[in-house]
Amino acid sequence: MKEKQEKLFVCEFITGGGLSDETLPESLVREGTMMRDALLRDLQALNQYALITLHDARLPQSSLVSKRIKVDAGAFKKTFKKALKQADLVWLIAPETDGALLELTELCLAEEDKAQGAQFLGCGFDATLIGTSKSLTFDTLQAAGIHTLPVYSGEDLIQPDFFEEMSTLNVAKWVAKPEDGAGCEGIRLFDSLAALRDWLLEDQRYLMYFVQPYQPGINASFAFLSGGGGQAWLLCCNEQHISQVDQFFKLTGITVNGMTAYWQRFETLMRKLAKVLPDALGYVGVDVIIDPMTNRIDVIDINPRLTSSYVGLSEAMGCNAAKLILDSQCDAHFKMPHIQKNIVEIQL
């Protein structure tokens, strides 16, 4: 008799109806679809799970799963909770924007605490909260002795005395970032501190944004597998291809393992991060900027979820990335296998 398969609920927020009552940004849909389908292909190859997904009613359904639940306008949270109760395991891909990742993580963790509740395949509350908040990320990195760029709150910058003090700094350009933004989304570049202050004063943006000096350099990232309690294994070292149009930035592609020359240094950063994020579980992505003049590495973002690099991860490692992540959380005797360091190009 055929063994009953566990039900694994994969929810990619953008394609899964998280913006069902808003206009869908084309770039986010494309990126979300690529991550979702890469994960579904890896899970399908294991042939051991009955896969469930949600899909925004305006978008095509994925052909990679048998059970697809349509999400109508305004019905995402209700539909998400319903699907969650049907599952044995849940794998969430969501942006930090507007607290989406944190809110859905809380729902998943609450369900996991119930008898027969679905096992959550992701980072715990504390690691997710830190990754969601740019100011908490800064505090955590400083406490761990990891280089990062200074963070100033928008509220502080509009104060006359603080603005005058900041004006004395030798900084040519500044960036404004949303407190809970994801990737390049919402980041704006300013040629002067005065222009930045004026922009922050419009519509009280100072309440939702913080500012940093603009740091030119090599945009890179790495991903690691966290087993919790300080255990961690580096998966890939990547170059990010970011273009600038006017005041805005856009991630156009990723060379997975394009930065393997930095493998050992990224591994050191990973071990420091794993110690200060003890409830980080599964895949964690980290964005960095490398100063080519000094070779200093500044950590910019911690992403406690799958990132776009996952799209090329299985090919880069020469093994099934989803199996590796699942085994690290479901197998008490997990041991990291030898992985390859193949270079894979991703166009976004």
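The values are calculated or read from the model by the stated rules, or taken from the named source; none is laboratory data. Fair warning: this is a prediction, and the values are worked out from it, not measured in the lab. Quick reminder, even Gly has a Cβ in these numbers, built from the backbone with ideal geometry, and neighbours come from all protein chains shown. All accessible areas refer to the heavy atoms of the entire protein, side chains included, with ligands and DNA or RNA removed. Shrake-Rupley method; radii C 1.70, N 1.55, O 1.52, S 1.80 Å.
Points to keep in mind about this one:
- Degrees separating the helix 263-276 axis from the principal Cα axis of the chain, which is the longest one: 80
- Label-to-label distance, nm, for residues given as Tyr152 and Gln264 (7 Å Cα→Cβ offset): 3.8
- Equivalent ellipsoid, the chain (semi-axes from 5 times Cα gyration tensor eigenvalues, Å): 34, 24, 18
- Site pair Thr33 and Ala195 shows an inter-label distance of 3.5 nm when each label is modelled 7 Å from Cα along Cα→Cβ.
- Between Cys319 and Leu136, the FRET efficiency from the beta-carbon distance, with R0 = 51 Å, is close to 0.95.
- Working note: Karplus 6.51/-1.76/1.60 with θ = phi - 60° gives region 297-306 the couplings 10, 9, 7, 9, 9, 10, 10, x, 5, 5 Hz, where Gly and Pro are set to x.
- Residue with peak Gaussian network fluctuation, the chain [Cα springs, cutoff 10 Å], from Leu101, Leu157, Leu141: Leu157
- Once Rg and the Kirkwood radius are both taken over the C-alpha atoms of region 205-332, their ratio Rg/Rh works out to 0.99.
- Taking every C-alpha pair closer than 8 Å and separated by at least 6 residues, the mean separation divided by the residue count of region 241-348 gives a relative contact order of 34 percent.
- Longest DSSP-loop-exposure-free segment, trypsin sites (Lys or Arg not before Pro), the chain, at most 11 other Cβ within 10 Å: 115-334
- Virtual paramagnetic centre 7 Å along Cα→Cβ of Gln48, amide N under 16 Å, in region 216-246: none
- Where a label projected 7 Å from the Cα of Gln86 along Cα→Cβ would reach, residues of region 19-55 with amide N under 15 Å: 50-55
- Semi-axis lengths (Å, descending) of the ellipsoid that matches the C-alpha gyration tensor of region 73-212: 37, 17, 11
- Portion, in percent, of the accessible area of region 140-297 that falls on carbon or sulfur, probe 1.4 Å: 50
- Added length on full extension, which subtracts the Cα-Cα distance from 0.36 nm per residue, Ala73 to Glu6: 21.2 nm
- Here the Karplus curve 6.51 cos²θ - 1.76 cosθ + 1.60, taken at θ = phi - 60°, turns the phi angles of region 14-31 into couplings of 5, 6, x, x, x, 10, 4, 10, 10, 6, 7, x, 4, 5, 5, 4, 4, 5 Hz, with x standing for Gly and Pro.
- Once both labels are positioned 7 Å from their Cα atoms along Cα-to-Cβ, the gap between Met208 and Ile343 label points is 4.1 nm.
- Cα gyration tensor of region 296-348 - equivalent ellipsoid semi-axes, whole Å, descending: 22, 16, 12
- Alpha-carbon radius of gyration plus Dmax, which is the widest Cα pair, for region 1-48 in Å: 14.0, 47
- Accessible area expressed per residue, the chain, with surrounding protein chains retained (probe 1.4 Å, Å²): 46
- For the chain, the relative contact order is 17 percent, taking Cα pairs closer than 8 Å that sit 6 or more residues apart in sequence and dividing their mean separation by the residue count.
- In the chain, the longest principal axis of the Cα atoms and the axis of helix 321-330 are about 80 degrees apart.
- Other residues whose C-beta falls under 15 angstrom from the C-beta of Ser167 contribute a net charge of -4, scoring Lys and Arg +1 and Asp and Glu -1.
- In sequence order, calculated HN-Hα J values of region 48-65 (Karplus, 6.51, -1.76, 1.60; Hz; x Gly/Pro): 9, 10, 8, 8, 10, 9, 9, 9, 4, 4, 7, 10, x, 6, 6, 8, 8, 9
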